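Colleague: Structure provided below as structure tokens; questions to follow.
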There are 2 protein chains.
Amino acid sequence: MNFADRLDAATERVRTPALVGIDPHLDLLPDEYAAARDPRVPLAERAELVERFCFELLDVVAGRVAAVKPQSAFFELLGSDGVRAFENVCARARSLDLLVIGDVKRGDIASTASAYAESFLASGEHRCDAVTVSPYLGPDTLEPFANVCAREDGGMYVLLRTSNPGGGAFQLHGTPALWEEVAGALERLGTDLIGNSGFSSIGAVVGATHAAELATIRARLPKTPFLLPGYGAQGAGADDVKPAFCDAESPWRGGLVNSSRGIAFAWRKDSASHPKDAASKALDRMIADLAAALDIR
Amino acid sequence: MNFADRLDAATERVRTPALVGIDPHLDLLPDEYAAARDPRVPLAERAELVERFCFELLDVVAGRVAAVKPQSAFFELLGSDGVRAFENVCARARSLDLLVIGDVKRGDIASTASAYAESFLASGEHRCDAVTVSPYLGPDTLEPFANVCAREDGGMYVLLRTSNPGGGAFQLHGTPALWEEVAGALERLGTDLIGNSGFSSIGAVVGATHAAELATIRARLPKTPFLLPGYGAQGAGADDVKPAFCDAESPWRGGLVNSSRGIAFAWRKDSASHPKDAASKALDRMIADLAAALDIR
């Protein structure tokens with residue numbers, strides 16, 4: 001089934017657009033995983049610890065959110081052993097009925113782009129359901145990803161307007177702003193991948209930190225699922241993401257709101273709790289806050 | 001030593017700006033490596049074959065060029081086993097005194113960008129001398145890479161104006177064109193990393209397929225080393241890259257001209273030769289053509 005439709009069915013089941021980022025930042029891991037940041041420990045052992053931490057987090061969130069978003073960078077930091085942990089985390093998430101959005105921000109030209117798309121979206125041990133993609137190289141470099149999405153029922157989220165402080169320097173350049181050009185390109189490409197849900201499998205990354213712009217971007221891209229980073233640790237709250245959502249009947253439809261550190265490392269602000277319990281409570285809170293803001297009952 | 005200076009010394013030794021791309025495209029491998037593209041063969045075995053093919057290519061080019069550019073995508077296609085092959089190829093290249101430019105086109109925000117920079121540029125088994133980086137997320141997302149470059153004597157090449165047909169869609173957007181904004185950002189960031197050679201360790205990727213623009217871009221960025229893809233298979237010739245070079249005394253200075261398929265897969269157009277011999281002859285030809293165009297004696 002088309003990725004957009006699979007995502008729609010999965011969010012319908014959990015009735016929340018919450019997405020949990022799996023960013024195993026070595027410096028933030030609980031003490032029991034301290035060896036993961038010790039350069040004297042062999043990489044394979046460090047990667048195993050990271051994997052175990054992520055598995056625990058997956059157990060906490062399974063059944064409560066539609067999807068998780070593992071961040072490739074923190075796995076790649078441990079080299080090929082880390083990449084194996086990434087693969088294992090993706091496989092474990094899928095076995096727990098979580099959709100996997102690989103946050104890999106890849107992008108390249110022609111057959112090289114195809115190789116990246118196949119790496120992450122084609123059948124195999126390291127398969128994701130969707131990936132994030134960077135558009136700087138041009139619309140023709142998004143096509144190989146879209147082709148693999150079409151064949152494999154995969155999805156992609158193109159970087160559009162990001163949550164970091166300097167995100168506007170290039171993304172707002174020109175008149176119309178660059179992001180509008182990128183929006184046009186991803187919308188054209190996504191037309192062929194619109195599912196029964198009315199959404200396309202080609203989505204956009206739109207920072208939750210730009211609440212005012214979010215409404216403009218939603219109006220420009222009515223059929224595009226959004227991936228909304230910036231919630232929690234980066235400063236955005238539940239009210240900030242409201243403009244991304246527009247279905248009164250199913251108010252969770254239209255986007256995924258990502259929190260990474262706010263869930264995985266909640267124990268750092270809640271030292272009375274075990275890290276798993278702290279993550280669980282933080283996720284409860286996020287789901288409740290989103291439900292209140294979006295009027296989900 | 002500063003990356004720009006190491007690169008300068010290495011090109012001085014070989015007296016050519018030729019750069020060999022290591023893109024082990026499975027479909028193009030010689031018959032003796034056919035099992036590498038067979039999905040029934042375990043990934044570890046397929047990755048070993050790819051590694052062996054790359055090692056042979058490194059033997060051909062060592063001592064004749066300053067650097068090689070392994071393309072991560074074709075290794076990642078084989079999952080973590082492929083990434084291990086990438087690490088081994090980087091290590092082998094460095095042991096042969098070749099500088100390694102990891103063509104990874106990574107980019108992300110804040111601590112995630114730092115994780116990518118550390119992955120490829122910090123000490124460890126999988127270390128490169130420089131990497132390619134994508135700028136769409138904004139100038140603040142290039143800083144973590146620059147910081148690691150400064151600490152580790154590494155280099156980075158920021159995507160500026162690429163060689164693919166659709167490269168202009170976003171890169172030429174606005175007035176001034178987006179690439180000029182990116183150029184300004186990488187130039188500012190590179191000021192602190194200018195070495196004794198007069199060049200910065202922060203370079204730019206500029207397609208060799210845009211000969212007319214190349215002169216403009218060189219004038220705009222006099223101290224930026226260029227990485228010039230598009231030579232050979234993508235259609236650019238030795239005369240097209242001339243505007244990147246501007247030192248009459250040392251005419252090889254200013255950029256690296258990359259050929260990937262034109263060297264690695266030269267045997268496909270020269271079936272009388274063994275693949276290694278065909279690659280060697282193709283590299284001879286490229287070096288001679290560049291020498292003629294740039295007046296290297």
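Colleague: Report the charge-dipole magnitude of the protein assembly as shown in Debye, nearest 20, computed about the Cα centre from +1 at each Lys and Arg Cβ and -1 at each Asp and Glu Cβ. Mind showing how you got there, number by number?
Modeller: Details: 60 positive and 80 negative charges, 70 e Å.
Using only the charged Cβ atoms, the result is roughly 340 debye.
Colleague: Continuing with the same structure: Taking the Cα centre of region B:3-294 as origin, sum charge times position over the Cβ atoms of Lys and Arg (+1) and Asp and Glu (-1), and report the length of that vector in debye to the nearest 20. Before the final figure, lay out the partial values.
Modeller: Details: 29 positive and 39 negative charges, 86 e Å.
The dipole of region B:3-294 has a size of about 420 debye.
Colleague: Sorted from shortest, what are the nm distances separating the label point of A:S95 from equivalent points in the other copies, each placed 7 Å from Cα along Cα to C-beta?
Modeller: Listed shortest first, these distances are 3.6 nm.
Colleague: Another question, then. Hey, what's the Kirkwood Rh for region A:221-297 if you take every pair of different alpha carbons, in angstrom? Present the calculation step by step, with values, prior to reporting the outcome.
Modeller: Numbers: mean 1/r = 0.0760 Å⁻¹.
Its Kirkwood hydrodynamic radius stands at 13.2 Å.
Colleague: With each pseudo-label sitting 7 Å past Cα toward Cβ, what's the A:A233-B:D59 distance in nm, one decimal?
Modeller: 4.7 nm
Colleague: Going by average Cβ density within 10 Å per residue, which order do the peptides A:133-144, A:53-64 take, highest to lowest? Display every interim value, and only then the final one.
Modeller: Details: A:133-144: 23.4, A:53-64: 18.8.
Per-residue Cβ counts within 10 Å, averaged per peptide and sorted highest first, yield A:133-144, A:53-64.
Colleague: Considering every residue in B:138-147, what mean count of other chain Cβ atoms within 10 Å of its Cβ is obtained? If you can, show how the numbers build up before the last one.
Modeller: On the way: counts 10, 4, 5, 7, 1, 1, 0, 0, 0, 0.
Partner Cβ neighbours, averaged per residue: 3.
Colleague: Set the Förster distance to 45 Å, then compute FRET efficiency between A:N196 and B:T175 from the Cβ-Cβ distance, nearest 0.05.
Modeller: On the way: r = 43 Å, r/R0 = 0.95.
E(calc), rounded to 0.05, equals 0.60.
Colleague: Something else: Order of B:W179, A:W267 from fewest to most other C-beta atoms within 10 Å? Mind dumping the intermediate values first?
Modeller: On the way: B:W179 28, A:W267 19.
By the 10 Å Cβ count, ascending, the order reads A:W267, B:W179.
Colleague: For region A:3-294, what number of Lys pairs, 8 or more residues apart or on separate chains, have alpha-carbon atoms under 18 Å from each other?
Modeller: Details: A:K69/A:K105; A:K69/A:K276; A:K223/A:K242; A:K269/A:K281.
Lysine pairs meeting both conditions in region A:3-294 amount to 4.
Colleague: Quick query: amide H of A:G21 versus all other amide H atoms, modeled in the peptide plane; which residues come in under 5 Å with a sequence gap of 5 or more or a different chain?
Modeller: A:K69, A:S259, A:S260
Colleague: Sequence gap at least 6, Cα distance under 8 Å: using those rules, report the relative contact order of region A:3-294 to the nearest whole percent.
Modeller: Values: 564 pairs, mean separation 53.6, N = 292.
This gives 18 percent for region A:3-294.
Colleague: Tell me, how many Å apart are the Cα centres for region A:98-137 and for region A:22-77?
Modeller: A separation of 21 Å, based on Cα centres.
Colleague: Can you list the distances in nanometres, one decimal and ascending, from the B:K276 label point to the identical position in each other copy, with the point 7 Å along Cα to Cβ?
Modeller: Taking the point 7 Å beyond Cα along Cα→Cβ, the inter-copy spacings are 5.5 nm.
Colleague: Sequence-distant or interchain residues sharing an amide H contact under 5 Å with B:G102, placed H: which?
Modeller: Sorted by chain and number, the residues that satisfy this are B:D129, B:A130, B:V131, B:T132.
Colleague: A further question on this structure: Once amide H atoms are placed 1.01 Å from N in the peptide plane, what residues at a sequence separation of 5 or more from A:G207, or on another chain, have their amide H within under 5 Å of its amide H?
Modeller: HN-HN under 5 Å from A:G207: A:R161, A:T162, A:S163.
Colleague: If a paramagnetic tag sat 7 Å from the Cα of A:D97 along the Cα-Cβ line, which residues of region A:1-23 would have the backbone N under 13 Å from that point?
Modeller: In region A:1-23, the label zone of A:D97 (backbone N under 13 Å from the point 7 Å along Cα→Cβ) covers A:9-15.
Colleague: Could you derive backbone 3J(HN,Hα) for region B:235-247 from the dihedral phi with the Karplus parameters 6.51, -1.76 and 1.60 (θ = phi - 60°), listing whole Hz in sequence and x where the residue is Gly or Pro?
Modeller: Here the 3J(HN,Hα) series is x, 7, x, 4, 5, 5, 8, 3, x, 6, 10, 8, 10 Hz.
Colleague: Evaluate peptide A:177-187: per residue, the Cβ atoms of other protein chains within 10 Å of its Cβ; return the mean as an integer. Mind dumping the intermediate values first?
Modeller: Details: counts 2, 7, 2, 1, 5, 4, 0, 1, 3, 0, 0.
Mean partner shielding for this stretch: 2.
Colleague: Could you work out the pair-distance distribution P(r) of the protein assembly as shown from its alpha-carbon pairs, with 20 angstrom bin width and percents rounded to whole numbers?
Modeller: 22, 55, 22, 1
Colleague: What residue of chain B sits with its beta carbon nearest the rotation axis taking B to A, and at what distance in whole Å?
Modeller: B:G174, 1
Colleague: Sticking with this structure for a sec: Put a label point 7 Å from Cα along the Cβ direction on B:F55, then list its distances to the equivalent points in the other copies in nm, shortest first.
Modeller: 3.3
Colleague: Here is a follow-up. Above 30 angstrom, tally the Cα pairs of region A:3-294 and express them as a % of all pairs, no decimals.
Modeller: Working: 11419 of 42486 pairs.
Taking all Cα-Cα pairs of region A:3-294, the fraction more than 30 Å apart is 27 percent.
Colleague: Expressed in nm to one decimal, what extension gain is obtained for the pair B:R13 and B:D38 from 0.36 nm per residue of sequence separation less their Cα-Cα distance?
Modeller: Numbers: separation 25, 0.36 × 25 = 9.00 nm, distance 4.08 nm.
Once the chain is fully extended between B:R13 and B:D38, it gains 4.9 nm.
Colleague: So for the pair B:A292, A:A248, with labels modelled 7 Å out along Cα→Cβ, what separation do we get in nm?
Modeller: Label at B:A292, label at A:A248, 7.4 nm between them.
Colleague: Okay, moving on. What does the average come to when, for each residue of peptide A:150-163, you count the partner chain Cβ atoms lying within 10 Å of its Cβ?
Modeller: Details: counts 0, 0, 0, 0, 0, 0, 0, 0, 1, 5, 1, 0, 6, 3.
Averaged over the peptide's residues, the number is 1.
Colleague: Starting from the exponent 0.38 and prefactor 2.2 Å, build the expected Rg for region B:157-297 from its residue count and divide its actual Cα Rg by it.
Modeller: Numbers: Rg = 16.1 Å, N = 141, 2.2 N^0.38 = 14.4 Å.
Its radius of gyration relative to the 2.2 N^0.38 Å reference: 1.12.
Read-outs: derived from the displayed coordinates by stated rules, not from any lab. In this text the structure is predicted, and so the values were computed from the model without any measurement. Cβ atoms come from the backbone with ideal geometry, glycine included; neighbour counts cover every protein chain shown.
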